[in-house]
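**Q** To start, I am sharing the structure in question, which I have written as C-alpha cells.
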Ligand code: R2B
Ligand code: URA
C-alpha cells in the first residue's frame, strides 16, 4: 500500500462502525480485524522489529514466548485496578465456568518478572491489573492489544471492571457505561503525539452495555444502570473533591459541577474510561466499562466504607461480567464454536 493510501485508510474518520468498514466507495480496505476475527495491528513498524516484539511491562515477547500457544484461545480480557482483585476475579470465573486446573496447581501471575501488572489466565479468559489512571492503563492497553494480535486470538472482548464515585447512585450500585467523556465533556481521548494533540473517539459498544445491564437479577441486592461515565486525570481536584491537599473552590462550586454532570447524564466518575474506550475502539475490539460506586458524590467526597463492605461491593461488576462470559461460553459450546 502506498504511503498516501495507507494514510487515507488509517484515518479512523473514514470508518463508521465497530467493524471499521471504510465508507469510501469501492474501497478494498475494509476492517481492522481479519475475516477470522484476529486483529490487524494499526502499526506498520511492529513487523519490522528485528528481534521480535517485547512487551516490556508484561515481560512477554514474540521471541521469548510462543504467544499463540499461550494466548491463542483468549476470548475475553478483564481489566481492573489491583492485582489482588484480578486474582480473585480469575478464581471466581474459574469456579463459575467450571474450569479445572491440574490437581495441586494454582493460578500463576503470568507477568511475574515484570512486577508492574499481574495477569491470570483461566481458559479463554485473561484477568489483568491496570493500576490507577490513564497513563497506567494506556501502557497496558498497548501491550495487551499487541499480545492478542500476536497470539492470533479471535474477536476478543475487553471489559474494565472497576470502582468509581457514583453521582446520584448508592454505594454498591453498578454503572455499565454507554458513553465516556473527559473532564471537559469531550467524548474522546486526547494525547500529545510528536508535539501534536491527537484525538481518538472514546466509543463503547452500546449493545454490549445493554446486554450487561440486562444480566442483573432481582435478588442481587444492587442496582445496575447504564449511563455516561466521566474519566478524570485526578482523584481530587479533577473530580471536584474538596478533600485533597489543595482546593481553591467552594463546596457550592463543587455541587454545582456535580449536579451539572448529573443533568447531562453522567452517573459516575473514574479514571480510565476514555483511554480504555478509545484504544479498544481504535483496535477494532468490542469493549465495556463496568464499575461499582463506592459512594454517592452528591453526599460527600471521603471513601470511608468499611473494608469488608468495600470488598463485597467490588464483586458486583465481576458478577455481571462473569454472567456475560458464562452465557457466551455456553452459547458457543451449544453452537459448536
Ligand atoms: C477508580 O479507583 C481508582 C482511584 O481510587 C481509579 O483507578 C479509578 O478509576
Ligand atoms: N474511584 C474514583 O476515581 N473516584 C471515586 O470517587 C471512587 C473511586
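**Q** GNM on the chain, C-alpha springs below 10 Å: top fluctuator among 234, 127, 194?
**A** Sorting by GNM fluctuation, first place goes to 194.
**Q** Evaluate the range 158-277: find the radius of gyration of its Cα atoms, find its Kirkwood radius, and give the ratio Rg to Rh. It would help to have the intermediate numbers written out before the result.
**A** Working: Rg = 15.3 Å, Rh = 15.3 Å.
With Rh from the inverse mean 1/r over Cα pairs, Rg/Rh is 1.00.
**Q** Using Cα-Cα distances under 8 Å and only pairs 6 or more residues apart, what relative contact order does the chain have, in percent?
**A** 21 percent
**Q** What is the log10 of I(q)/I(0) for the range 245-296, computed with the Debye formula using one identical point scatterer on each Cα and no solvent, at q = 0.17, 0.20, 0.28 Å⁻¹?
**A** Relative scattering, expressed as log10 I(q)/I(0), comes to -0.74, -0.88, -1.10.
**Q** Under 10 Å, Cα contacts only: if you run a Gaussian network model on the chain, which one of 109, 253, 178 comes out with the highest mean-square fluctuation?
**A** Greatest mean-square fluctuation among the candidates belongs to 253.
**Q** Using only Cα atoms, locate the centre of the range 176-254 and the centre of the range 138-159, then give the distance between them in Å, rounded to an integer.
**A** Rounded to whole Å, the Cα centres lie 22 Å apart.
**Q** Bin width 10 Å, origin at 0, all Cα-Cα pairs of the range 235-333: what percent of pairs per bin?
**A** All Cα pairs, binned at 10 Å, distribute as 12, 32, 34, 17, 4, 1 percent.
**Q** Once Rh for the chain is found with the Kirkwood sum over Cα pairs, what is the Stokes-Einstein diffusion coefficient at 10 °C and 1.306 mPa s, in µm²/s?
**A** 76 µm²/s
**Q** Roughly what percent of Cα-Cα pairs across the range 209-270 reach past 15 Å?
**A** The share of Cα pairs beyond 15 Å in the range 209-270 comes to 61 percent.
Readers should treat all values here as calculations from the given coordinates under stated rules, not as data from a laboratory. This is a predicted model, so every value here is computed, not measured.
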